Amino acid sequence: MDFFVTTPIYYLNGAPHIGHAYTSIAADILARFYRADGLSVKFLTGTDEHGIKVARAADADGIEYIKFCDIACEKFCALGRVLCLTNDDFIRTTELRHEKSAQALWRRMEQDIYLGKYSGWYSSRDEEFVNTEDIVDGKSPTGSSVEWLEEECFYFKLSKFQEPLLEFYQNNPEFISPISKKNEIVSFVKSGLKDLSISRTRFNWGIPVPDRNDHVMYVWIDALANYITSLGFPDDTAAVSDGMNCCTHIVGKEILRFHAVYWPAMLMSAGLPLPKKIFAHGWWTNSGQKMSKSVGNVVDPFSLIDKYGLDAVRYFLIREVPFGEDGDFSEDGLRKRFTSDLANDYGNLIQRVFTIIERRGIFQASYDQCDALDNDMISSTNNLLSIVRQHFNELSLSRALDEIWSLIGLCNKYVEHSKPWVLAKTDISKLDVVLTILTEAIRVITYLLSPFIPITCKKVFDCLHVDGLLFSDLSTKLKIINVSKCDILFSKDILN
Ligand code: MSP
């Protein structure tokens, strides 16, 4: 395996929303890109089904826990289908393979686990223990209500891993990004790590602690193990090493600490390899407000996609906000991007150029007597893959789109300047040069856009009579230009 990308596994207590869609789309874009770049890729997503939060949601509906999870999980699977996710595995933490894996992981950590007693605050909304000094007006720092807990529990000696973690961050500067988030994690660890309570006795909706059926594992210990379950832990440790060595976890910023502190410490304790990278993206607000069920301003991905189409939503979410920063969602912003970038810039380019080429008929690619402008177009086209690849390696997804859009902009200017509709009447050999250069540019643009807007690109590939699968195709220039006319890709009618 060359690239293993994961999303967080989603809690089942609420309906899927745009935040879940965002993480999944980003991971899907990475998976599609690296597959097309010839790498062997695994993409994992799934659902986090245990814990008090899910149990309470099931109780409120008066449904048996596992039945509740089956119904709620189906909604996340439906979101995956609507988003056209190309995940290779979907994990549910209630699966037997996962119970086996989480218990085996626990056993491998046993030398760092001891029995104690927890008395303190807990936020069930965040499934997180909260320090008394962090509570303000009876709420946790994330604004969640907290409840007092006193119970016997197992502890994980997290404190023991403070120095090893700091040393690991030092030796692996790329491990956590973006850099601002990394700095927060490093100062959190430097400020001192307390041992972590990792089992619960007050409810039983969880994975039983090995040999202690009266305890279930803390839901985060159970959840984090999903990444190695999918790799075949505990049966196939070679596959686990192979996968973790090239693993990128994509997570929202609010759960970075679990992934960048607890998870590596657990893996160190178990003697397993750590992931290669953890990337924390920002949060979407809705017209400036935090999205929440109680406020009723959660953006529903299904209805948005229904209205604007999948590609417009995928494109907007990734283009609008640099990956790693927070963003504010507005439908107006989406409509603007739809009109200017998708319909006017890319859609019109394809429309205009393909119509002219269709009229010209099939012809031999030609680079006869290129002038300076032609040569500029050729070199911008030739350079695009390596520039975009560099941005992908840094997970700068919106920058990758900026670069693709600069070439789209150049193409549009080139059409204006070279006026192929005039050349069609005056100079067929120059027309062929211009159309060859445009076809090549559009081919490269569309290959590189296909991880972002796969449905649209498939239509363009059909008109170009190419399969669009591997970027390596791009190193061989087309010999024959054979392009069919294309239907309107982004019709502005839907905006009315
Ligand atoms: N179950 C845990 C993750 C366990 S991973 C081992 C969890 N689940 S969650 O359902 O709350 O989903 C969290 C993820 O949804 C976040 O990490 C983030 O990726 C995404 N988002 C949820 N709301 C979001 C926004 N408003 N904006 C952007 N993404 C957010 O945490």
> In the stretch 397-451, which residue that is surrounded by fewer than 23 Cβ atoms within 10 Å (Cβ to Cβ) and not in a helix (DSSP H, G or I) is nearest to the chain's Cα centre (by Cα)?
Replying inline: 450
> What single numbered condition from (1) in contact (Cβ under 8 Å) with a residue 24 or more places away in the chain; (2) crowded, with 19+ Cβ neighbours inside 10 Å; (3) under 18 Å from the mean Cα position of the chain (by Cα) fails to hold for residue 276?
Replying inline: (2)
> Taking the condition out of contact with any Phe, Trp or Tyr (no Cβ under 9 Å at 6 or more places or on another chain), polar (S, T, N, Q) and not in a helix (DSSP H, G or I), does residue 229 pass?
Replying inline: no
> Which one of 185, 198 is in contact (Cβ under 8 Å) with a residue 24 or more places away in the chain and touching a Phe, Trp or Tyr at 6+ places or on another chain (Cβ under 6 Å)?
Replying inline: 198
> Within the stretch 14-29, which residues are more than 15 Å from residue 77 (Cβ to Cβ), out of contact with any Ser or Thr (no Cβ under 9 Å at 6 or more places or on another chain) and more than 8 Å from the ligand (Cβ to nearest atom)?
Replying inline: 25, 29
>> Every residue in the stretch 296-308 that is more than 11 Å from the ligand (Cβ to nearest atom) and among the polar types (S, T, N, Q), please.
In response: 303
>> Filter the stretch 228-237 down to the residues that are more than 16 Å from the ligand (Cβ to nearest atom) and within 30 Å of residue 393 (Cα to Cα) and list them by number.
In response: 232, 236, 237
> Can you tell me which residues in the stretch 2-38 are part of a loop (DSSP other than H, G, I, E, B) and either within 25 Å of residue 67 (Cβ to Cβ) or touching a Lys or Arg at 6+ places or on another chain (Cβ under 6 Å) (or both)?
Replying inline: 7, 8, 9, 12, 13, 14, 15, 16, 17
>> For the stretch 174-214: of the residues being touching a Cys at 6+ places or on another chain (Cβ under 9 Å) and farther than 20 Å from residue 66 by Cβ, which is nearest to the ligand (Cβ to nearest atom)?
In response: 198
> Does the stretch 3-10 contain at least one residue that is closer than 28 Å to residue 327 by Cα and away from the ligand (no atom under 14 Å from the Cβ)?
Replying inline: yes
> Do we have residue 155 as surrounded by 16 or more Cβ atoms within 10 Å (Cβ to Cβ), closer than 26 Å to residue 11 by Cβ and not acidic (Asp, Glu) here?
Replying inline: yes
>> Take the conditions within 15 Å of the ligand (Cβ to nearest atom) and buried (at least 22 other Cβ atoms within 10 Å of the Cβ) and apply them to residue 225. Does it pass?
In response: yes
>> Just to be sure I understand the filter: pairs with C-beta atoms under 7 Å, separated by 6 or more residues or on different chains, first member in the stretch 445-464 and at negative phi, second member of a type in the set (Ser, Thr, Tyr) and surrounded by fewer than 22 Cβ atoms within 10 Å (Cβ to Cβ). Which pairs pass?
In response: 463/484
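Bear in mind these aren't lab numbers, they're just calculated from the coordinates by the rules spelled out. Computed from a prediction, not measured in an experiment: that's the story for all the values here. No Cβ is skipped: glycine too gets one built from the backbone with ideal geometry, and neighbour counts run over all protein chains shown.
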